[in-house]
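Each remark here refers to the structure printed beneath this line.
No value in this document is a laboratory result; all are computed from the given coordinates. Source: prediction; values computed, not measured. Every residue, glycine as well, gets a Cβ built from its backbone with ideal geometry; the counts of neighbours run over all protein chains shown.
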Amino acid sequence: MSKKSAGLLLFREVSGRLDVLLVHPGGPFWAKKDKGAWSIPKGEFKDNEDPLEAAKREFEEETGFTPPDYEMIPLEPLRQPSGKLVYAWATKCDLDPAGFKSNTFSMEWPPKSGRQQEFPEIDRAAWFVIEEASHKILKGQVAFLIQLKEKLGGSSRVPEYGGSAKSKNDLGKQRYLFDLD
């Protein structure tokens, strides 16, 4: 049976634009990766565990924040390239990522050194305008951003940074969430 994860996609509206909160994985393998490396705060759960409760637990473990007690908008689960199935809920909430504090994990580092080192599971959290987030987030999670836009009454095509554009070729001012170049 494939693994399952659950997470929360926080969003806020600032000056008419939609921002989402993403987290960056900690540890040496992710240290120099940015584009396509960010994720929603999420983690694995067991078969007998409620996915939404797991999403809230993982949010708190990975960010140090108590999960928001607002309406949770269910998003369709996504199968990741690894085969893992990720469940997600979106909720409107504005928090300051400066207060973020992640749990840690231990691993042998450098490899074959025999030394165990501790690393944060998540090394930072940040708000991104949804268009920028579509380039930062893991490829297998981009559809969560598209679903969020659709659930909020938008389309998968949105103006970059609140600007307007008439066509896809309008000097690159408009980005499509499907484009990951």
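Odds and ends about this structure:
- Within the shell defined by Cβ-Cβ distances under 10 Å, the residues around L85 carry a net charge of +4, with Lys and Arg each +1 and Asp and Glu each -1.
- Cα centroid separation - the stretch 38-82 against the stretch 85-109, whole Å: 9
- Low-density loop positions, chymotrypsin sites (Phe, Trp or Tyr not before Pro), the stretch 1-97 - DSSP coil, at most 11 other Cβ in 10 Å: Y70
- GluC sites (Glu not before Pro) within the stretch 1-75: DSSP coil, no more than 16 neighbouring Cβ in 10 Å: E49, E71
- The stretch 4-176, relative contact order [Cα under 8 Å, separation at least 6], %: 27
- Shown is the FRET efficiency for N48 and E76, computed with R0 = 35 Å from the Cβ-Cβ distance and rounded to the nearest 0.05: 0.95.
- DSSP beta bridge pairing in the stretch 4-176, given as percent antiparallel to the nearest 5: 75
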